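Engineer: Take this structure first; my questions come after.
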Amino acid sequence: QVQLVESGGGVVQAGGSLGLSCAVSGSLFRINTMGWYRQAPGKQREVVAVANYGGATNFADAVKGRFTIPRDDRKRAVSMQMNSLKPEDTAVYYCHANIARYNDGEKHEADYWGQGTQVTVSS
């Protein structure tokens with residue numbers, strides 16, 4: 001059973017920094033993509049940053065230049081360092097991974113989510 005466990009988040013003043021971490025446990029073949037989504041109150045969940053297998057990264061325009069997303073495949077982990085935080089970054093942040101597993105000799109790919117962690121940026 002694959003699980004994603006998040007840590008980090010909290011409350012910070014505007015202009016400050018926070019870090020998030022996510023670790024993957026369980027049996028798997030490969031983690032294709034790892035990244036972070038967020039959902040603010042009354043809004044849809046949106047992608048924040050994604051790290052692909054091989055190292056390429058993509059960021060939402062709103063966070064480019066402020067967030068980084070180091071990925072460590074040996075540790076099966078992804079982090080996100082959030083700098084110059086703004087009140088509009090306030091949301092619940094979810095770790096996401098698209099993971100390939102073998103079952104009865106067949107490869108299956110599926111999406112997995114962390115439990116979510118609150119980030120609050122005060123003005």
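The values are calculated or read from the model by the stated rules, or taken from the named source; none is laboratory data. Just so we're clear, the structure is a prediction, and the values are computed from it rather than from any experiment. Every residue, glycine among them, receives a Cβ derived from its backbone with ideal geometry; neighbour counts consider all protein chains shown. In case anyone asks, the SASA skips ligands and DNA or RNA and just uses the protein heavy atoms, side chains included. Shrake-Rupley method; radii C 1.70, N 1.55, O 1.52, S 1.80 Å.
Engineer: So how far apart, in nm, are the two label points at SER27 and ASN58 if each is 7 Å from Cα heading toward Cβ?
Structural biologist: About 3.1 nm separates the two model spin labels.
Engineer: Something else about it: Within the chain, how many Lys pairs sit with Cα atoms under 27 Å apart, leaving out pairs fewer than 8 places apart on the same chain?
Structural biologist: Lysine pairs meeting the criterion: 5.
Engineer: Heavy atoms only, probe 1.4 Å: what % of the accessible area of segment 1-43 goes to carbon and sulfur, would you let me know?
Structural biologist: Answer for segment 1-43 is 49 percent, counting heavy atoms of protein chains only.
Engineer: Tabulate in residue order the Karplus-calculated ³J(HN,Hα) for segment 75-81, using 6.51 cos²θ - 1.76 cosθ + 1.60 with θ = phi - 60°, rounded to whole Hz; enter x for Gly and Pro.
Structural biologist: 8, 6, 9, 9, 10, 9, 9
Engineer: Which values of log₁₀ I(q)/I(0), to two decimal places, follow from the Debye formula for the chain at q = 0.12, 0.18 Å⁻¹ with a uniform point scatterer at every Cα?
Structural biologist: Those come out to -0.42, -0.89, one per q.
Engineer: Ok, one more. Under a crude label model (7 Å from the Cα following the beta-carbon direction), how far is GLN44 from SER122 in nanometres?
Structural biologist: About 3.3 nm separates the two model spin labels.
Engineer: Can I get the semi-axes of segment 60-123's equivalent ellipsoid? Compute them from the C-alpha gyration tensor as square roots of 5 times the eigenvalues, in angstrom, largest first.
Structural biologist: Those come to 30, 13, 10 Å.
Engineer: Please report, in debye to the nearest 20, how large the charge dipole of the chain is about its Cα centre when each Lys and Arg carries +1 at its beta carbon and each Asp and Glu carries -1 there.
Structural biologist: With Lys and Arg at +1 and Asp and Glu at -1, about 200 debye.
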